[in-house]
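This report concerns only the one structure given below.
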Amino acid sequence: MSSRIRTDVLELNMGPQHPSTHGVLRLGLKIDGEVILECDPDVGYLHRGIEKLAELRTYIQFIPITDRLDYLASMLQNQAYIGAVEKLGRIEVPERAEWIRMIMVELQRVASHLVFFGAMGLDLGATTPFLYAFREREDILDIFEMVCGARLTYNYFRPGGVSRELPAGFYEKVRAYIKKQREKLWEYDDLLTDNQIFIARTRNVGYISGEDAVNYSMSGPSLRGSGVAYDVRRADPYSFYDKVKWDVVTRTEGDVQARFLCRCGEIRQSLNIVEQALDMIPEGELKCKTPPRLKLPEGEVYYHIESAKGDLGVYLVSDGTDKPYRLRWRAPSFINLGAMNQMSQNWKIADVVAILGSLDVVLGEVDR
Amino acid sequence: MSELIEKAIRDAFPEAVLESKDVFGVLNIKIDVKALLGICEMLHAQHDFDYLADITAIDWKDRIEVVYQITALASNAKIALRVDLDGKKPVANSLTSVWKGANYQEREVFDLFGVEFTGHPDLRRILLPEDWEGYPLRKDYVIPD
């Protein structure tokens, strides 16, 4: 009987208003029954022309705009941009400021991965892990609020340092948070990671080989989930990553579960880094002296860091004035999304949700 | 390492290398756009440059320069290839046959700079609406009210 049923290929729009597209993303699906033949991500709904805006603003004025790129990990966006400015301007950073930065960005990485953890569960129909993850993320946001007065858009980094001193009680609060978070991670695993339904929905789903992932220029945990140990913090060490002990977390399976487990492992690694940094941070200056109207020498630089989503690159061209001649933002979410089509072929619509979730894209960064 | 790569490119494509410079420790080679695809195929097949980190363009008013940041993940060797294109009608070969990651990045450069990538399987705007006029990251672009 079934062989006589004729089916047509159907085009289905998923998004841009869809609870699991993590913002305004439209997936143009070509489906045969429920099987995906093609998945064409349509991006740009949130495009604000940030690279053009950079050309119209001074180097300092652009810092708060970087907060609006990957708005779930603004500290890391600050770090990438300021890193490029400092490299091109050959600006020295006081040691204390660099340690503070490292503590901030690693806490930020944890916060970003917690959002991923919660959203991943939510995408697959588990509401509780989301509430758990956001409860702990709240502690990190409280710490950030103590430090720089903002919960999401920090504007904390400056060329040559950071904008303010750590407040009283900072160290105790961070240590207390790390202790609490470590205990809670076991709870998370009970709830979601070891949950049979979750495992059934994620194991083997959305496979991509390491070779293909590299060919698609993927990066971050999405690449390391396919067994490629490429982490910018290890490959091109910046900040003080070579002074603390930590591991690059990789999994070889290349499926949704592997990418998920990579991020869970990175939460633990980041907590270790923060803990070591708290012990090693010296007293000292917060910021070196830079002119209020900063001008960079003529030239160019390509600088990259490991953001929560992957290899975040900033390409900066200066013509010697106080504004960038050209600023390019190599957004890892955007490039990772390029592999979405291949990963979702022959899976079902419900699996697309899991696969997209496992890439952990943030549309602010995708669309720029 | 970078001297070896430069020599390999010069040996295989003697006419193609126009100039080379060092940008913060990364070898930047300006090449003739006609040799772009050939050099990339060689780098990928023979020198393990498996990771196309970034494609972007710069509008220098009289010309458009496209810059490719390429990495070999195993050895962490880096190279940047640069090509100068005609400012009015920029055309370059697509690298999608070498690195699939070039697909989205070339679409973005096409979208914002109007660079035509010949051989691209799906060259259409990606960030801006399909009916958008002009290329916003060009220096002569007039920002609408």
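Derivation of every value follows stated rules applied to the coordinates shown; laboratory data play no part. These figures come from a predicted structure and were not determined experimentally. Glycine also receives a Cβ, built like all others from the backbone with ideal geometry; neighbour counts cover every protein chain displayed.
The table that follows gives values for the structure above.
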read-out	value
Dipole-positive endmost among A:VAL205, A:GLY121, A:ALA258 within chain A (Cβ charges, Cα centre)	A:GLY121
Loop-located trypsin sites (Lys or Arg not before Pro) in region A:84-124, at most 11 other Cβ atoms within 10 Å (DSSP)	A:ARG90
Signed unit charges on C-beta, dipole axis of region B:59-145, positive-most listed residue B:TRP99, B:PHE113, B:TRP132	B:TRP99
Simple spin-label estimate for A:ALA150 and A:GLU165 in nanometres, 7 Å along Cα-Cβ	2.3 nm
Sites A:GLU211 and A:LEU12, calculated FRET efficiency, Cβ-Cβ separation with R0 30 Å, nearest 0.05	0.50
Qualifying lysines (Cα of each under 28 Å from Cα of A:LYS289; at least 8 residues distant if same chain)	A:LYS87, A:LYS243, A:LYS323
Under Karplus coefficients 6.51, -1.76 and 1.60, residue-wise ³J(HN,Hα) of region B:53-65 in Hz, glycine/proline x	6, 7, 10, 8, 9, 10, 8, 9, 6, 8, 7, 10, 9
Label-to-label distance, nm, for residues given as B:ALA12 and A:THR127 (7 Å Cα→Cβ offset)	5.8 nm
Mean separation of Cα contacts under 8 Å (6+ apart) over length of region A:2-363, as relative contact order %	25 percent
Per-residue HN-Hα couplings for region A:328-334 [Karplus 6.51, -1.76, 1.60; θ = phi - 60°; Hz; x = Gly/Pro]	10, 10, 7, 8, x, 4, 4
Stretchable slack from A:GLU187 to A:GLU138, in nm (0.36 nm times residue separation minus alpha-carbon distance)	15.9 nm
Given charges at Cβ of Lys, Arg, Asp, Glu: region A:2-363 dipole, positive-most of A:LEU27, A:TYR156, A:GLN345	A:TYR156
Ranked list, fewest to most other Cβ atoms within 10 Å of each Cβ, for A:GLU51, A:GLU38	A:GLU38, A:GLU51
Under the Debye formula (equal points on every Cα, no solvent term), log10 I(q)/I(0) of region B:34-132 at q = 0.14, 0.18 Å⁻¹	-0.50, -0.81
Cβ-based net charge around A:ASN272, under 14 Å, with every Lys or Arg adding one and every Asp or Glu removing one	+3
Scattering curve values for region A:2-363, log₁₀ I(q)/I(0), Debye with Cα scatterers, q = 0.08, 0.11, 0.12 Å⁻¹	-0.40, -0.75, -0.89
By average C-beta atoms within 10 angstrom, highest first, the peptides B:133-140, A:280-287	B:133-140, A:280-287
